[in-house]
1. Looking at the structure I just gave you, is A:Thr502 surrounded by fewer than 22 Cβ atoms within 10 Å (Cβ to Cβ) and hydroxyl-bearing (Ser, Thr, Tyr)?
2. With respect to A:Ala482, determine if the residue is within 23 Å of A:Val338 (Cα to Cα) and at pLDDT 95 or above.
3. In the list A:Ala79, A:Ala29, which residue meets the criterion of being among the aliphatic types (A, V, I, L, M) and in contact with a helix residue (DSSP H, G or I) (Cβ under 7 Å, 6 or more places away or on another chain)?
4. What is the number of the single condition among (1) farther than 23 Å from A:Gly22 by Cα; (2) touching an Asp or Glu at 6+ places or on another chain (Cβ under 9 Å); (3) aliphatic (A, V, I, L, M); (4) without any contact (Cβ under 8 Å) to a residue 60 or more places away in the chain that B:Met104 does not meet?
5. At least 2 residues that are touching a strand residue (DSSP E or B) at 6+ places or on another chain (Cβ under 9 Å) and open to solvent by less than 40 Å² (accessible area, probe 1.4 Å) in each: list the helices (runs of 4 or more DSSP H) lying fully within segment A:264-379 that qualify.
6. Just to be sure, is A:Ser475 part of a strand (DSSP E or B), at pLDDT 95 or above and among the hydroxyl-bearing types (Ser, Thr, Tyr)?
7. Quick test of your reading of the structure: A:Val142 fulfils all but one of (1) in contact with a Ser or Thr (Cβ under 8 Å, 6 or more places away or on another chain); (2) surrounded by 24 or more Cβ atoms within 10 Å (Cβ to Cβ). Name the failing condition by number.
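The values are calculated or read from the model by the stated rules, or taken from the named source; none is laboratory data. Since we're looking at a predicted model, the values are computed, not measured. With ideal geometry, Cβ positions are generated from the backbone for all residues, glycine too; neighbour counts draw on all protein chains shown. The accessibility values were calculated without ligands, DNA or RNA, using every heavy atom of the protein model including side chains. Shrake-Rupley method; radii C 1.70, N 1.55, O 1.52, S 1.80 Å.
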Amino acid sequence: MGKVANRPALEASADVLVIGGGPAGTWAALAAAAKGASVVLVDKGYCGTSGATAPSGTGVWYVEPTVREREEAMGSREALGGYLADRGWMARVLDRTYANMNELALAGYPFPLDEDGRPYRRSLQGPEYMKLMRRRVKQAGVLVWDHCPAQELLTDSYGVGGARGMQLRTGEPWLVKAGAVVIASGGCAFLSSALGCNVLTGDGYLFAAEAGACLSGMEFSNAYAISPTFSTITKTAFYTWASFYRGDGTLIEGAGSQRGRSVIARTLQTQPVYACLDRTTEEMRRWMRLAQPNFFLSFDRLGIDPFTQKFPITLRLEGTVRGTGGIHLIDESCATAVPGLYAAGDAASRQFICGGFTGGGSHNAAWAMSSGSWSGEAAAGYSFGLGRLSGKRELSGLRPTGESASVPVSHGDVRDLAAGVKRQVEPFEINLFRTESGLKQSLARLDRIWLEARGGLADSAADAVKLREVQAMASTARWMYASALARKETRGMHKRLDYPDTDSAQHYRLLSGGLEEVWVKPESAARQAAGEVQAG
Amino acid sequence: MIQLVSRERCVSCSRCIQVCPTRVFDESPEGLPVIARQEDCQTCFMCELYCPVDALYVSPHDHPVETPGERELAQAGLLGSYREHVGWGRGRSPGAAKDASYLMIMEMRRTSGN
């Protein structure tokens, strides 16, 4: 652990530090600033373009506040999610999302009108949305540092008190002391090039675990998106109206976007799969272009007509970005178990509203803006509550240093380590169709990669950042597979070939954590243990 | 992947260097953006959207490929085509205002109801 000594070139003190400038981070920063907090927001890339939302478009779980519509909305995914979601959280997310989306309209987001001339607020175009959020954050007086990846949290006996990281432009360090920190750094898609996702390497999970927080729902982190083999566009909604074919032109029965994705994966294991959006009408083809302009970008540029021509597709891993695993929250303020540390968006577990089913699209978007707002408000309140204490802190960094990190690694080594993690998490035969032997073998390999990455010492600032990403990805994968091994049943997106049925005795959430030794335990057992300690 | 920075069109505003989430560009001594780390490009097309003069071309492939030259791309209407579709740029109105996702949702409900 390194003491905070030498003053870095870029240093600030603030009430709240937000790590990540996507939807959750920007809503968190706005909410904290609205409470009167001074806020610094750091982004690994550029607040406004980085993350899964900015280059994309997304549905939003925006539901009119009538009893009937809400009941329908809350009930729609409960079974798919294996009944691990929570109606209390769902109702709060629906409330906050409704309010935030209406606030976005007032802030100038150009919502379209539907056929009856009413504003339609169930969808957001990513570039427009995030450009607006950046402007709002800046107008609120938030200090935004772009291309400034966080590298470690700073803590003392009172809890988390800031973070430090790297300025990619100069290779110089930065440091922010803050009364509270919100982790909003997104999920982990393992550098699979799913649209906008290569900045999402699970960094926040690693920081939280180093500080002593735990993860939850990590077994629900094997979401795969359909995309053309030649493209990064992982927008899957339109495949609802696609047919899927083998190379010889015969139809693959049962293959589909929603329920037939396993059939596609099975076929891809032995041969190429082709898709064609041939179940669309002329009219549908017209509005599809207006709904998702980026979907057509790759086709237009390659001269392919996706409505009449067959094109090769693949399944790209989106990990926890479309999965639901993430940092475990202990209460409705989005607090973690570590004082001063909050989590929001895909960095946090979305089991509360999605259970074990994908949060991709509307649910994650609603969760990001809701949990972002709550965490920002709570972080501001916590920071104010520190009072005079905030000036007297003795902060240290949490990343492994000194003897534990000493083996020189080259640029090529870092790339190889990242590729090593990908080889364990991308294959369907390991991560989608799960078995005890497959998971155990992979976990052992990931343990070795973790040890190598943790002990590595990169020779440039840029590679040091990438090495940290490898540590985060390896850790994420280990929590993922350890949780998948512990859940000896099939539930939500977690499919065990050796336990193909849902087991009512395992109707609980799984917590996980640990870096040197990974651990997993049911949430109920953890709660009981905590209760016993309190009672004792 | 990012394939082209048109020296002819570029006005050295550095916007692409600034907005690229994976820091693919560096600034040359003459102030022009250069593709310094192509392997880090995640093919998200954001640089194209933020380029005020349509000087960039991102090929849809997630790996380096042979792409047509600048003249061919311009003739095919591909330089700045995404910005046009999204409705960004002078004299355009944001495509978000014409977002027809509600028709998609209606159609999805109809399809799943069958």
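1. On the way: surrounded by fewer than 22 Cβ atoms within 10 Å (Cβ to Cβ): yes; hydroxyl-bearing (Ser, Thr, Tyr): yes.
Answer is yes for this residue.
2. Spelling it out, A:Ala482 is indeed within 23 Å of A:Val338 (Cα to Cα) and at pLDDT 95 or above.
3. On the way: A:Ala79 fails: in contact with a helix residue (DSSP H, G or I) (Cβ under 7 Å, 6 or more places away or on another chain).
So the residue among A:Ala79, A:Ala29 that is among the aliphatic types (A, V, I, L, M) and in contact with a helix residue (DSSP H, G or I) (Cβ under 7 Å, 6 or more places away or on another chain) is A:Ala29.
4. Single failed check for B:Met104: (2).
5. Here the list reads A:293-302, A:319-322.
6. No.
7. All conditions are met except number (1).
One line per residue, one yes/no per condition, for (1) more than 19 Å from A:Ala368 (Cα to Cα); (2) touching a His at 6+ places or on another chain (Cβ under 8 Å); (3) modelled with pLDDT under 95; (4) among the basic types (Lys, Arg):
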site	(1), (2), (3), (4)
A:Gly45	no, yes, no, no
A:Thr58	no, no, yes, no
A:Glu69	yes, no, yes, no
A:Ala85	no, no, yes, no
A:Arg96	no, no, no, yes
A:Asn102	no, no, no, no
